[in-house]
1. Do the conditions hold for L264, that is, is it hydrophobic (A, V, I, L, M, F, W, C), in contact (Cβ under 8 Å) with a residue 40 or more places away in the chain, in a helix (DSSP H, G or I) and not assigned by TED's automatic domain parsing to the domain that holds K62?
2. Report the residue count in the stretch 108-126 for those that are within 30 Å of P79 (Cβ to Cβ) and at pLDDT below 95.
3. Pairs under 7 Å by beta carbon, first residue in the same structural domain as G371 (by TED's automatic domain parsing) and in a loop (DSSP other than H, G, I, E, B) in the stretch 191-205, partner surrounded by fewer than 24 Cβ atoms within 10 Å (Cβ to Cβ) and basic (K, R), six or more apart or different chains?
4. Take the residues in the stretch 313-336 that are of a type in the set (A, V, I, L, M) and free of Cβ contacts under 8 Å to residues at least 40 places away in the same chain, then tell me which one is farthest from K120 (Cα to Cα).
5. Which residue out of V145, V140, V103, V64 is at pLDDT 95 or above, among the hydrophobic types (A, V, I, L, M, F, W, C) and under 20 Å from I290 (Cβ atoms)?
6. Scan the stretch 212-237 and report the pairs whose first residue is assigned by TED's automatic domain parsing to the domain that holds P187 and on the phi < 0 side of the Ramachandran plot and whose second residue is loosely packed, with under 15 Cβ neighbours inside 10 Å and hydrophobic (A, V, I, L, M, F, W, C), with Cβ atoms within less than 6 Å and a gap of 6+ or a chain change.
7. How many of the residues making up the stretch 287-303 are surrounded by fewer than 18 Cβ atoms within 10 Å (Cβ to Cβ) and over 30 Å from I77 (Cα atoms)?
8. So for the stretch 253-264 (the condition being closer than 29 Å to E118 by Cβ, buried (at least 23 other Cβ atoms within 10 Å of the Cβ), among the polar types (S, T, N, Q) and over 18 Å from the mean Cα position of the chain (by Cα)), does at least one residue qualify?
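The values are calculated or read from the model by the stated rules, or taken from the named source; none is laboratory data. Treat the numbers as computed from the prediction; the structure is a model and nothing was measured. Cβ: placed from backbone, ideal geometry, glycine included. Neighbour counts: every protein chain shown.
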Amino acid sequence: MYTIFLLCILLISTFSLLGGKGKSDKEKRELRFWHSIGTYNKDVLNSLIENYNDHNRQVLIKGVFQGSDKDLYLKLISPETRPDIVQISVQFLPALVEKNELVDLTSSIPSKLKEDIEDKFWSSVSYRDRIYGIPFLYSVNLLFVNQHILRIAGVRRDTTPASWPEILSISEKIKDNLGDKWPLFIPMESMMHFLSFVQSYTGEPAIRDGKILINTDKSIDAMQFLRDLVFKERTMPAKLSIDEGENLFLSGNLGIIAASSSLLVYTESNLPYDMNVWYLPSSAATLPFITGSCLAILKSSPREKRESIRFIEYLTDYENAIKWHTHTGNPAIRKSVKSSLDLIVFYEDNPNHMASINEIERGLIFNPSSGYLEVSEVLGKALEAIMLKGEDPAIILNSAQKELDDLNLRF
């Protein structure tokens, strides 16, 4: 009898616990978070979201990958169901503000956070002196180098080459000594790929007095040089996507690849050989371009503003800012993190991470006031004609410059 009584008590307790848990889950308000953090760093984001949900009784964050930055932006301005929180490229922020899509966060930012991030990052998420996003992930372009390929090709080089002709010389040595390996791959799919490479090659600013100049003599020479790597020198593979180039590098069949610092940890962890990092060649007249994204709140759900801000603060807090840097390669932007003992110790074992920190310190964030999508489409067509079809850079860039001039945009 006593045993039966105990069993009844146990069953009642079990059902009570299960019922309570189910009720708690149903009571949680769901916040949709759209992002463009894909294959390479999705595990970091997913683990952070899972941890937040485990420790938050009020809301359930549902992260949804929406493809590229452009794909995400186009979905945001469509009439479809939209998110509460969004990770958006800072290049698209002005257009979203002009469409009255984003919540003004100026008065919601804690003074401690405001002071811990440099002004240039706040400027990248501001429009007409109002702040519409919290600076999140920023990156720079670097050169990833397979040291094993360089060694067996007879190249002894630990420091960054001073010029692109020097890089070509290294590439030719790899080609001559290792016929089964590709020496070099410079992706050229986007506006930022173009601007970073051309500015690096020419040693001149690609944007002057608020205008993008793509058809200067030096810019044309730069694209002629790059086109010849594919169609003349045969030191760079043709018609390769960024992901295909990354896979070629990870397979040990590519010597040097230009890549975003956001791919550093993934690449270094999956390459079965020693990897070095070089800066893009530069001059005193130019600053490296920085690309970035911010976390913003959609106006469609103002009731959830407080909970949305809490989640954003969590993703960007001290501990997670360190994790984003050490687990992805995106350089830290918080002053308190950059000067922390945690990172000083980390750099001793991971010196390649210093490259992105150094570049972002002196770099310039590309944040056009408007018209990014239009300019990007013009340049995208031009790059396809030059790099995929092998057409004359002078003809293509002169034509594209006329299209850009007709847009009459200021940057």
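1. Working: hydrophobic (A, V, I, L, M, F, W, C): yes; in contact (Cβ under 8 Å) with a residue 40 or more places away in the chain: yes; in a helix (DSSP H, G or I): yes; not assigned by TED's automatic domain parsing to the domain that holds K62: yes.
So L264 passes the test.
2. Let us first name the residues in the stretch 108-126 that are within 30 Å of P79 (Cβ to Cβ), namely 108, 124-126.
The next check asks that each one be at pLDDT below 95; those that pass are 108.
Summing the residues that are within 30 Å of P79 (Cβ to Cβ) and at pLDDT below 95 in the stretch 108-126 gives 1.
3. Sorted first by the residue in the stretch 191-205, then by its partner, the pairs are E204/K218.
4. Looking only at the stretch 313-336, we keep the residues that are of a type in the set (A, V, I, L, M), and these are 315, 321-322, 332-333.
Within this subset, residues satisfying the condition of being free of Cβ contacts under 8 Å to residues at least 40 places away in the same chain are 321-322, 332.
Numbers: A321: 18, I322: 20, A332: 14 Å.
Filtering the stretch 313-336 for residues that are of a type in the set (A, V, I, L, M) and free of Cβ contacts under 8 Å to residues at least 40 places away in the same chain, the one farthest from K120 (Cα to Cα) comes out as I322.
5. Result of the check over V145, V140, V103, V64: V140.
6. Close Cβ pairs (under 6 Å, with a partner that is loosely packed, with under 15 Cβ neighbours inside 10 Å and hydrophobic (A, V, I, L, M, F, W, C)) amount to V230/A238.
7. Here the count works out to 1.
8. No, there is no match, as no residue in the stretch 253-264 is closer than 29 Å to E118 by Cβ, buried (at least 23 other Cβ atoms within 10 Å of the Cβ), among the polar types (S, T, N, Q) and over 18 Å from the mean Cα position of the chain (by Cα).
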